[in-house]
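Please read the structure below before turning to the comments.
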Amino acid sequence: MDKAKKFRQLLNADRHFFLMEAHDGLSAKIVEETGFPAIWASGLSITASLGVRDNNEISYTQLLDVLEYMNDACDLPILVDGDTGYGNFNNACRLVQKLEQIGIAAVCIEDKKFPKTNSFLETKLDALADPLEFAGKIRAMKATQKNPDFVVIARLESLIVGAGVEDAVNRAKMYLSAGADAILVHSKRPNSKDIDDFLAAFDRNVPIFLVPTKYYTVPVSHLTRDKRVRGIIWANHNVRACVTVMQEISKKIYNDCSIANVEGEIAPVTEIFRLQKNEEYLEMEKKYLPEYSNLSAVILAAGGPGPLDFEKPKSLLKINGKSILEHQLDALRSVRLSNITVVRGYKRDEIQAKDVKLIDNPKWKDTNAAYSLSLAVPDVKEPYLVLYGDVFFKRYLLRSILDYASEHPSSDMILVCVKEDYIKGGYYLRLNKRPDVFGDDDELTVIDVRREREADKDGDVVYFSGLMMVNNHLAVQQLLEEEDCENLHISDFMGHAVDKGMKLSVIMSSKEAIVDINLLNDLMKAGELL
Ligand code: SPV
Ligand code: MG
């Protein structure tokens, strides 16, 4: 159903409804999720969020830009605060034309002169528009709309400037005769006296909209005793909420020179991603990104629980409700990589996954990754990624490594490395040069693999992260066959590969993008990467 029709149905229903203010795509989405049936695109809130006054300081095309984001972000019908229509009848027609083009359901214009001032600041009687001119504007707007359900609401400002109830009633009748679909009567009194008087004096049976910003203490049940009261607009409360919270949080961060104390008080970034519909993007990625059909992956998940003393294989530790293995499989599938082998060992029967090949390393206790790899690769007939079963990483690293591999066919292996030795007892890799530019250095290669730490002071020492790509799978397989893998650390294996003249390229990652899960703290760090 188009949004104008939805709004029309709300207008024609026999009970009142609430419109909540929104001022950008994010707030529109939040209003929708909260359950409101319609949105008030408040001029005050939109201009405030843009950092300008509510005095027609933005052009109507700038308003349209904001509205388009709002309309795209939700399925709710939006009632636009059209101020005075951005000029005379001609400008108001153009506004209707453009609003309809972007799918807006309804617009409200107020009977003041252009440029307007916000109603709570306006006191001048002569700010009111000539009622005949305003009625002509309404008539022109109604004649312009293409969709018969598009709604034009005439807003009365007589009570705002002190012109009185009679003036408001007379104007309302003129605007209705000109074709207005509904009336919005505005008041800035702290009680509903003006509104009550207007409703008593106005005898037409049309939908009426109210904005109780100033008379917020008057119960809704009082306002809606008159059955013509249809739309109640909560006009600016989201932008005001943002201001309060942004002031508090900015102040705290400023005073603390730290973000640690606000972390629990604000939405996690995962909530931002959810509101941005990131899941939808991941689905689209699956559909539209090229598939790496000539690539495999091997996940080495045989190792024991380590210091975590967890009763399950580490791969099954959960981060935000999903196991590390599930996260890894999702990441691999997001780059359309589906030929995946998982090597199991410790509590192997607990590791089960659909559409992957499971291989077991029965000697998992006394061997390590090189042996697990040697068991898996005889069946792998193409280049492959290797993932330690306990590393958690940002997905972009996969794409970086795949892109690097396709641009550097002469690399035999490509290792993602970090500056910090987070795999305790890991070996370090000495590079041909100091890795100054993280992730963007074309020519980093391993020249030496060492266990001793005396060269730690050298700036060209890095550590293997647990994520690598084997580009030259035949050469690596041959080497694995030659070596005594049962008694070999994977770093020794890398050292032997270097000795044999193989090219081990290195991509640097920051430790913010990859975590090796060893301690409980690592799980928290991993959660933050999501
Ligand atoms: C708005 O929300 O921009 C309005 C209502 O026009 S008021 O600010 O009360 O005038
Ligand atoms: Mg306004």
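Coordinate-derived values only; no laboratory data. Since the structure is predicted, the reported quantities are computational estimates derived from the model, not experimental observations. Because the Cβ atoms are built from the backbone with ideal geometry, glycine has one as well, and the counts that use them run over all protein chains shown.
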Under 5 Å from the placed amide H of Tyr215, counting only residues 5+ away or on other chains, we find none
Long-range amide H contacts for Arg155: which residues qualify at under 5 Å (H placed 1.01 Å from N, peptide plane, sequence gap of 5 or more or a different chain)?
Ile109, Glu110, Asp111, Leu184
Picking from Ser406, Val152, Leu63, whose Cα lies most toward the positive end of the charge dipole for the chain (charges on Cβ: Lys, Arg +1; Asp, Glu -1)?
Val152
For Gln97 paired with Lys365, estimate the spin-label separation in nm (one decimal), with each label point 7 Å from Cα along the Cα-to-Cβ line.
8.2 nm
As I understand it, the value is the acute angle between the Cα axis of helix 396-407 and the longest principal axis of the Cα atoms of the chain; what does it come to in degrees, rounded to 10?
60 degrees
Could you calculate the FRET efficiency of Asn518 with Thr61 from 1/(1 + (r/R0)^6), where r is the beta carbon distance between them and R0 is 41 Å, rounded to 0.05?
0.15
Distance in nm between pseudo-label sites at Cys257 and Asp126 (7 Å out along the Cβ direction from Cα):
5.8 nm
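Looking at this model, which pairs from Lys116/Lys214; Lys98/Lys227; Lys286/Lys347 are more than 22 angstrom apart at the alpha-carbon? Can you show the working numbers first?
Details: Lys116/Lys214 19 Å; Lys98/Lys227 33 Å; Lys286/Lys347 32 Å.
With Cα atoms farther than 22 Å apart: Lys98/Lys227; Lys286/Lys347.
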Cross-link reach list, aspartates and glutamates versus Lys5, counting only Cα pairs under 15 Å and skipping chain neighbours closer than eight places:
Asp75, Glu100, Asp149, Asp181
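Give me the extension gain from Phe273 to Gln478: residue separation times 0.36 nm, minus the current Cα-Cα distance, reported in nm with one decimal.
Numbers: separation 205, 0.36 × 205 = 73.80 nm, distance 4.44 nm.
That works out to 69.4 nm of additional length.
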Run through the range 18-78 and list the GluC sites (Glu not before Pro) located in a DSSP loop whose Cβ has at most 15 other Cβ atoms within 10 Å.
Glu57
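Express in nm, to one decimal, how much length is gained between Glu311 and Ser293 on full extension, taking 0.36 nm for each residue of separation and deducting their alpha carbon distance.
On the way: separation 18, 0.36 × 18 = 6.48 nm, distance 3.57 nm.
Residue separation times 0.36 nm, minus the Cα-Cα distance, leaves 2.9 nm.
Would you please give the FRET efficiency between Ala13 and Asp355, computed as 1/(1 + (r/R0)^6) with r the Cβ-Cβ distance and R0 = 51 Å, to the nearest 0.05?
Working: r = 50 Å, r/R0 = 0.98.
The computed FRET efficiency comes out at 0.55.
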With unit charges on the beta carbons (Lys and Arg positive, Asp and Glu negative) and the dipole taken about the Cα centre of the range 273-529, which residue among Val356, Ala369, Phe273 sits farthest to the positive side?
Phe273
Amide H within-cut-off set for Leu385, under 5 Å, with H built and near neighbours excluded:
Ser296, Ala297, Val298, Val470
In sequence order, what are the phi-derived ³J(HN,Hα) couplings for the range 331-342 according to the Karplus relation 6.51 cos²θ - 1.76 cosθ + 1.60 with θ = phi - 60°, rounded to whole Hz, with x for glycine and proline?
5, 5, 6, 5, 9, 6, 10, 10, 8, 10, 10, 10
I need the trypsin sites (Lys or Arg not before Pro) found in the range 1-53, filtered to DSSP loop residues with at most 10 other beta carbons within 10 Å of theirs.
Arg15
Rounded to the nearest 10 degrees, what's the angle between the helix 473-482 long axis and the longest principal axis of the chain, both from Cα atoms, 0 to 90?
40 degrees
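Find, among the chymotrypsin sites (Phe, Trp or Tyr not before Pro) in the range 287-341, those assigned to loop by DSSP (not H, G, I, E, B) with at most 12 other beta-carbon atoms within 10 angstrom. Present the calculation step by step, with values, prior to reporting the outcome.
Working: sites: Tyr288, Tyr292, Phe310; in loops: Tyr292, Phe310.
Listed in order of number, the matching sites amount to none.
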Distance in nm between pseudo-label sites at Asn191 and Glu285 (7 Å out along the Cβ direction from Cα)
6.1 nm
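Roughly speaking, what is the stretch gain from Glu68 to Lys318, that is 0.36 nm per residue apart minus the C-alpha to C-alpha distance, in nm to one decimal? All intermediate terms of the calculation are to be shown ahead of the outcome.
On the way: separation 250, 0.36 × 250 = 90.00 nm, distance 3.92 nm.
Here the answer is 86.1 nm.
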With θ set to phi - 60°, apply the Karplus curve 6.51 cos²θ - 1.76 cosθ + 1.60 along the range 7-24 and write out the HN-Hα couplings as whole Hz, x wherever there is a Gly or Pro.
5, 4, 5, 5, 5, 7, 5, 9, 9, 6, 9, 10, 10, 9, 5, 9, 9, 6
Of Lys277/Lys419; Lys277/Lys511; Lys113/Lys146; Lys193/Lys251, which sit over 30 Å apart, Cα to Cα?
Lys277/Lys419; Lys193/Lys251
